[in-house]
1. Quick check on segment 1-44: of everything there that is assigned to a strand (DSSP E or B) and among the β-branched types (Val, Ile, Thr), which residue is farthest from the chain's Cα centre (by Cα)?
2. Please state which of the following conditions ALA200 fails to meet, knowing it meets all the rest: (1) assigned to a helix (DSSP H, G or I); (2) modelled with pLDDT of 85 or more; (3) closer than 30 Å to LEU21 by Cβ.
3. Out of ASN165, ASN149, which single residue is surrounded by 13 or more Cβ atoms within 10 Å (Cβ to Cβ), part of a loop (DSSP other than H, G, I, E, B) and not hydrophobic (A, V, I, L, M, F, W, C)?
4. Give the residues of segment 168-197 that are modelled with pLDDT under 90 and assigned to a loop (DSSP other than H, G, I, E, B), sorted by residue number.
5. Of everything in segment 1-50, what is surrounded by 15 or more Cβ atoms within 10 Å (Cβ to Cβ), among the acidic types (Asp, Glu) and more than 19 Å from ALA115 (Cβ to Cβ)? Give them in sequence order.
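The values are calculated or read from the model by the stated rules, or taken from the named source; none is laboratory data. Just so it is clear, the structure is predicted and the values come from calculations on it, not from any experiment. With ideal geometry, Cβ positions are generated from the backbone for all residues, glycine too; neighbour counts draw on all protein chains shown.
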Amino acid sequence: MAYKILIYEDNHRLRQSLEILLNDEQLFKVAGAFPDCNLAGEQVIDLLAELVVMDIDMPGIGGVEGVKQIKQAAPLTKVVMHTMFDDDNRIFDSICAGADGYLLKNTSPMQLINALQEVMQGGAPMSPFVAQKVFQFFRNQQQPVSDFNLTNRETMILELLVKGNSYKMIADKSNVTIDTVKKHLQNIYHKLHVNCGTEAVAKALQHKIIRLD
């Protein structure tokens with residue numbers, strides 16, 4: 001069954017192009033396309049959206065606030081930012097507002113489709129340049145090394161997260177449920193003093209909490 005998707009994009013021509021690209025009735029079904037996200041929280045509920053493609057710079061509240069609205073109204077709805085902006089503040093504001101992926105508008109149509117499929121399977125797709133900025137940001141921060149008191153199980157789950165595994169893959173490899181994985185990740189975020197998975201991965205690498213083979 002096709003995933004119901006909403007598009008928020010103020011450029012009329014691009015919004016139409018995204019509708020045509022994504023409304024294939026097999027992978028995705030476009031349930032709505034809007035020039036602003038002022039009512040995004042209500043719209044994801046009313047239209048039963050499972051996935052949102054969100055621009056950042058739009059009239060009204062803007063994409064970052066739109067993500068917050070959506071995640072408050074429908075926490076399980078996936079949101080992928082689709083924007084021309086690659087500056088640090090917009091990237092981190094979006095991710096920590098709850099965005100599940102961050103793609104630049106120079107992403108090819110096929111890469112966009114693949115990324116949207118990936119996010120629905122538990123992944124967190126990012127354009128390569130954006131991922132580089134995320135890691136560079138945390139590498140440049142001077143933070144003291146601390147004992148984060150992670151348990152062996154939490155360390156194992158964090159290592160699997162760093163290696164790019166989805167929640168489902170982590171659950172399978174750890175022989176636990178996805179809900180248990182989420183609970184462990186909440187504990188990990190609390191101990192690392194971070195707000196999202198991207199920050200946790202960067203901090204784990206920065207402080208050498210885990211080792212990559």
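1. Restricting to residues being assigned to a strand (DSSP E or B) and among the β-branched types (Val, Ile, Thr), the top hit is VAL30.
2. Exception for ALA200: condition (3).
3. ASN165
4. Passing the criteria: HIS193, VAL194, ASN195, CYS196.
5. Those that are surrounded by 15 or more Cβ atoms within 10 Å (Cβ to Cβ), among the acidic types (Asp, Glu) and more than 19 Å from ALA115 (Cβ to Cβ): ASP10, ASP36.
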